[in-house]
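A quick write-up on the structure given underneath.
The values are calculated or read from the model by the stated rules, or taken from the named source; none is laboratory data. Since this is a predicted model, take the numbers as computed values, not measurements. All Cβ positions, even for glycine, are placed from backbone atoms using ideal geometry, and neighbour counts span all protein chains on display. Accessible surface areas use protein heavy atoms only, side chains included; no ligands, DNA or RNA. Shrake-Rupley method; radii C 1.70, N 1.55, O 1.52, S 1.80 Å.
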Amino acid sequence: MTDLDIRDAVPADIPALYALIESAYRGEASRVGWTTEADLLDGQRTDPEELADIIAAEDQGLLVGWRGEEAVACVKYQRLTGGVGYFGMLSVSPEQQAAGLGRRMVEAAERRLAAQHGSTRIRIQVFPQRDSLIAWYQRLGYVLTGETAPFPYGDERFGLPRRDDLHFVILEKPLA
């Protein structure tokens, strides 16, 4: 297996990114891996228009991990205010999860946010129902802040909720 080549996404990558992200989060294909949201949400996780907007923006982007011609991992990074960065949409091909690719993508997003945007700390949002994912982020140095954020009910771009108690918990990590 070839090593992981991590680079910034370009518009030509959108079809591969869209397929990767949807397979990691939604539907039966996502159940192969351990990061599925299929029990929480139906519908889409993203769409090609959102991915194009992220790629075109000055304050955010997508890093893509390639193995040969296959996009196997990606992560969105974004500059917030006050030296704070954010990452989300961390996706690893379900067949390749638990092999360290997610960790490598998080580290790449942290480096990018620090170097390109001057971020001194990183925030992420996770559904509290995803205990194993929260524990994984904690092993990477992220700490629950006690803050929460609402789920955008009524906006189908974020998926179709399968339950009425969705929200996010906020985790944060200082960067060295």
- What ranking, highest mean first, results for peptides 101-109, 45-53 when packing means the other Cβ atoms within 10 Å averaged over each residue? 101-109, 45-53
- Message: Between GLN116 and ASP47, what is the label-point separation in nm under the 7 Å Cα-to-beta-carbon projection?
- Response: 2.5 nm
- Per-residue HN-Hα couplings for region 155-163, Karplus 6.51 cos²θ - 1.76 cosθ + 1.60 at θ = phi - 60°, whole Hz, x for Gly and Pro? 10, 5, 4, 9, x, 10, x, 9, 8
- Message: Could you identify which residue out of THR120, THR81, THR145 has the top mean-square fluctuation in a GNM of the chain using Cα springs shorter than 10 Å?
- Response: THR81
- Query: Cα centroid distance between region 16-45 and region 48-101, in Å?
  - Reply: 15 Å
- Query: Which net charge results when you count Lys and Arg as +1 and Asp and Glu as -1 among the other residues whose beta-carbon is under 12 Å from that of GLN78?
  - Reply: +1
- Task: Send over the semi-axes of region 19-71's equivalent ellipsoid, whole angstrom and largest first, taken as the square roots of 5 times the C-alpha gyration tensor eigenvalues.
- Result: 22, 15, 9
- Which shape class, rounded, prolate or oblate, goes with the chain when its Cα gyration tensor gives a ≥ b ≥ c as root eigenvalues, a/c under 1.5 marks rounded, and past that a/b bigger than b/c marks prolate? rounded
- Message: If you roll a 1.4 angstrom probe over the protein chains with everything in place, what fraction of the accessible area of region 37-176 belongs to carbon and sulfur, to the nearest %?
- Response: 47 percent
- Task: Return the long-range amide H neighbours of ALA71 (sequence gap of 5 or more, or a different chain), with a cut-off of under 5 Å between placed amide H atoms.
- Result: none
- Mind listing the phi-derived Karplus ³J(HN,Hα) values for region 12-23, rounded to whole Hz, using 6.51, -1.76 and 1.60 with θ = phi - 60°, and x for any glycine or proline? 5, 7, 4, x, 5, 4, 4, 4, 4, 5, 4, 5
